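Structure first, commentary second.
The values are calculated or read from the model by the stated rules, or taken from the named source; none is laboratory data. What you see is a predicted model, and the numbers here were worked out from it, not measured in a lab. Cβ sites come from the backbone with ideal geometry, for glycine too, and all protein chains shown count toward neighbours.
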Amino acid sequence: LCAASEPPVTGTFVHSTPRAAVEILQNCVLGVDDKGKIAFIEKHQDVVSLSEIWGFETSDIKQLGQYEFLMPGMVDTHIHASQYSYAGTALDLPLLEWLNTYTFPVEAKYKDLDFANDVYTKVVRRTLKNGTTTACYFATIHTDASLLLGELADRFGQRALVGKVCMDCNSYPNVKPVVTPRFAPSCSSSLLSELGEIANNNKLHVQSHISETKEEVELVKTLFPGCKSYTDVYLKHNLLTDRTVMAHGCHLTDEELEIFRETGSAVSHCPNSNISICSGILNVRNVLNHKVKLGLGTDVAGGYSPSMLDAMRRTLDTSKALTIQDPQHKTLSFEEVFRLATLGGSEALSLDDQTGNFVVGKDFDALRVNVCVPDGPIDLFPGEGPKVRQSSY
Ligand code: GUN
Ligand code: ZN
């Protein structure tokens, strides 16, 4: 639902704020200006004065159904659009062999724009269907195919960061280039330096992978002996900025997390991938305790599902697995995970001035959820109210 000059909507809104992991706003009315920005979100009882101020007819207001609510569109902070064609297969090898055996041969096919058009159309449509209104994509080394991915995201109405698109201006307001060194083992020091310079000179986003597996961490030590840690490699090449998002980080030390916090860089947690190719288990609680920005990612096709709802469930499962191992571990709540999938993701991508929750001035970027559609996936029981703790975290 991406509405410019649509009539106001009234009903229930569910979103996160920095103070409350889940805030339920009942009997509210939300209006959108002609630029698609949220103009107001107020109690419904004020609707008459709102209609006078904003110049709409109260009879035009769109009423959500009894079992409906609006929530912010979800943010996938890490997804390989180019790997969607084999999602759900090829999960039998560890990362470095997996890349050589399956990933690189498929990615080479993106020099063919027809192939790229087919897969990229499908991945944009599929992720939108799953509620991902913002995606941070890895494309491939092919500039034309990467541009095509940006064009498709724009055409279907998805906000996107697309790498590799090595340019410093673009014509889509909601699609931006993101500087994308694949990861330290596949980049020379001079390539990393040049990319750091491009990112900083042009104030561009940066995305890469870090500390996904122990084997990779060891490899980076031998490839960059002058660097103190994997994080230090990116730091020394000026790639850690407040517009940087690094996928995985399963094996980052506390000292490395401290560098993330100092530079304002973010972690993309991709639990389906981490489990599917046996990479590691990220302690999200520890990352959050270090005040490092964190969003969720599907990491298709290391992760086999393009669904952010799946990423949320696996984030909870992973956190519970840590609690089984150590009862002192404070398990993530589903409310916190909801926040990570929405507001947390927008912060991780430094897009929280535009999306992530229902705040006046941000884009109206919302999912309309109906928990009572005929033949839907869940059953409702009489007298059920929301079982959500309203406390802050
Ligand atoms: N590290 C470097 N490239 C990749 C990739 O394509 N997928 C994952 N999961 N990790 C990577
Ligand atoms: Zn990845």
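Looking across the range 251-264, just one residue is within 16 Å of ligand 2 (Cβ to nearest atom) and crowded, with 24+ Cβ neighbours inside 10 Å, and that is Leu252. Scanning the range 202-228 for residues that are in a helix (DSSP H, G or I) and under 30 Å from Thr132 (Cα atoms) yields Asn202, Glu216. Of Glu42, Glu97, all but one fail to be loosely packed, with under 15 Cβ neighbours inside 10 Å, free of Cβ contacts under 8 Å to residues at least 24 places away in the same chain and of a type in the set (D, E, K, R); the exception is Glu97. May I ask you to list the residues in the range 113-131 that are β-branched (Val, Ile, Thr) and touching a Pro at 6+ places or on another chain (Cβ under 8 Å)? The answer is Val123, Thr127. Here Ala311, Ala341 are screened, and the one residue that is closer than 19 Å to Ala266 by Cα, within 16 Å of ligand 1 (Cβ to nearest atom) and hydrophobic (A, V, I, L, M, F, W, C) is Ala311. You will find that of Leu235, Leu219, Leu239, the residue that is surrounded by fewer than 24 Cβ atoms within 10 Å (Cβ to Cβ), in contact (Cβ under 8 Å) with a residue 12 or more places away in the chain, within 16 Å of ligand 1 (Cβ to nearest atom) and over 26 Å from Ile324 (Cβ atoms) is Leu219 and no other. Summed over the range 267-281, the residues that are in a helix (DSSP H, G or I), in contact with a Cys (Cβ under 8 Å, 6 or more places away or on another chain) and more than 9 Å from ligand 1 (Cβ to nearest atom) give a count of 0.
Of the helices (runs of 4 or more DSSP H) lying entirely inside the range 88-151, those carrying at least 1 residues that are modelled with pLDDT of 95 or more and away from ligand 1 (no atom under 16 Å from the Cβ) are 113-129.
Inside the range 307-353, can you point out the residues that are part of a loop (DSSP other than H, G, I, E, B), in contact (Cβ under 8 Å) with a residue 40 or more places away in the chain and closer than 24 Å to Asn174 by Cβ? Answer for the range 307-353, where residues must be part of a loop (DSSP other than H, G, I, E, B), in contact (Cβ under 8 Å) with a residue 40 or more places away in the chain and closer than 24 Å to Asn174 by Cβ: Ser307, Leu349, Ser350, Leu351.
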